[in-house]
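The next block holds one structure in the form of structure tokens; read it before the comments.
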Amino acid sequence: MIVALGGGIGASKLLAGLCQVIDPSELTVIVNTGDDFALHGLTICPDLDTVAYTLAGLADRERGWGIEGDTFNALGWLDRYGREAWFNLGDRDLATHLHRTALLRQGIALTDVTDLIRRSLGVRARILPMSNEPVSTIVLTDQGPQLFQEYLVRDGARRAVRGVSFEGVERSRPAPGVLEAIDSAKGIILCPSNPVISIGPILAVPGIRNALRTTEAPVMAISPVVGGRSLKGPTDKFLAGLGHEVSALSVARLYQEFLDLFIVDRLDAELLPGIEALPVKAVAAETVMHNLESKISLAKEAVSCLASLRPA
């Protein structure tokens, strides 16, 4: 079994490739829920939904989020009524949020709700939220703290990042199945997701970082930074805001205590000696996933690297 940690578009691209390379039933995905928030009385879980839609073959490939071919009639009417319309909720996507919220109000845990949704969508891979307890990623800016989605989507990530906090994380626990999946995995992959606000909240849940340190499974990661810039989203802004150089080497340093191998893009091959000095094994590969073929190619590289790390 392969366990993948991540959230957002970068993770979903790799996961789409992995499901073409291995049996999807042998994949467990531990997903960031620090982006979750409430809007219009609904519980919205952007990363869980992006992963589920992608693995179901429903994701909008051009935008990277939402459902392919979705309409936005409800959003238009919400705007007409003077309701907040900055978060793009498609009509079919809205049904997911309505369904999830109703189940949560019945007292069903987020882990079980997520499993019901992925089964309904025909997803064979297992999808686990990092925790059933609410954790909110708060971006600290020079104009005060903001919820991550408000910072990123509503305000366009315009303000400088001064810090990040994960509200409620100290009271959270790994969701049922998370620690067990890490412990029993044959290999673990940290997806090319933002290390601060996609992987960071997962590692902040008490017990998960230690599980990665103590597991017998090889742990590898793929850099979301190529040539000193982020391919998608504000990874560069968050690294710089927390005082890190925007580079694959900086990402490797954030993971070095539990990392066995790190994949960088070929453009960053000159960073390999610095990564290996951490010490972490490092390889260069084509990491830009612009089509299904490149997603499969990177997934094959990741699976091959994991196999090379396992004892004979």
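Only the coordinates and a few stated rules stand behind these numbers; no lab work does. Nothing here was measured: the structure is a model prediction, and the numbers come from that model.
Just a few scattered comments:
- Whole-number Å³ per residue for the convex hull built on Cα positions in the stretch 160-215: 85
- Antiparallel bridges, percent of DSSP beta bridges restricted to the chain (to nearest 5): 40
- Stokes-Einstein translational diffusion, the stretch 47-195 - Kirkwood Rh over all Cα pairs, 0.692 mPa s, 37 °C, in µm²/s: 188
- Shown for the stretch 52-116 is the translational diffusion coefficient from the Stokes-Einstein equation, using the Kirkwood radius over Cα pairs, a temperature of 4 °C and a viscosity of 1.567 mPa s: 99 µm²/s.
- Overall form of the stretch 1-63 per C-alpha gyration tensor (a/c, 1.5; a/b vs b/c): prolate
- Distance from the Cα centroid of the stretch 72-102 to that of the stretch 161-228 is 31 Å (rounded to whole angstrom).
- Rel. contact order, % - alpha carbon contacts under 8 angstrom, at least six apart, the stretch 153-312: 20
- In the chain, lysine pairs closer than 26 Å at Cα, eight or more apart or cross-chain: 15
- Separation between Cα centres of the stretch 18-67 and the stretch 239-312, rounded to whole Å: 23
- Mean projected area (nm²) of the alpha-carbon convex hull when the chain is viewed from all directions: 15.4
- Globularity ratio of the stretch 119-223, using Cα Rg and 2.2 N^0.38 Å: 1.21
- Relative contact order computed over the chain (Cα-Cα under 8 Å; 6+ residues apart), in percent: 20
- For the options Leu298, Leu18, Leu267, a Gaussian network treatment of the chain with springs between C-alpha atoms closer than 10 Å singles out Leu267 as fluctuating the most.
- Taking N as its residue count, the alpha carbon Rg of the stretch 222-312 over 2.2 N^0.38 Å: 1.08
- Prolate/oblate/rounded call for the stretch 34-80, Cα gyration tensor, a/c under 1.5 rounded: oblate
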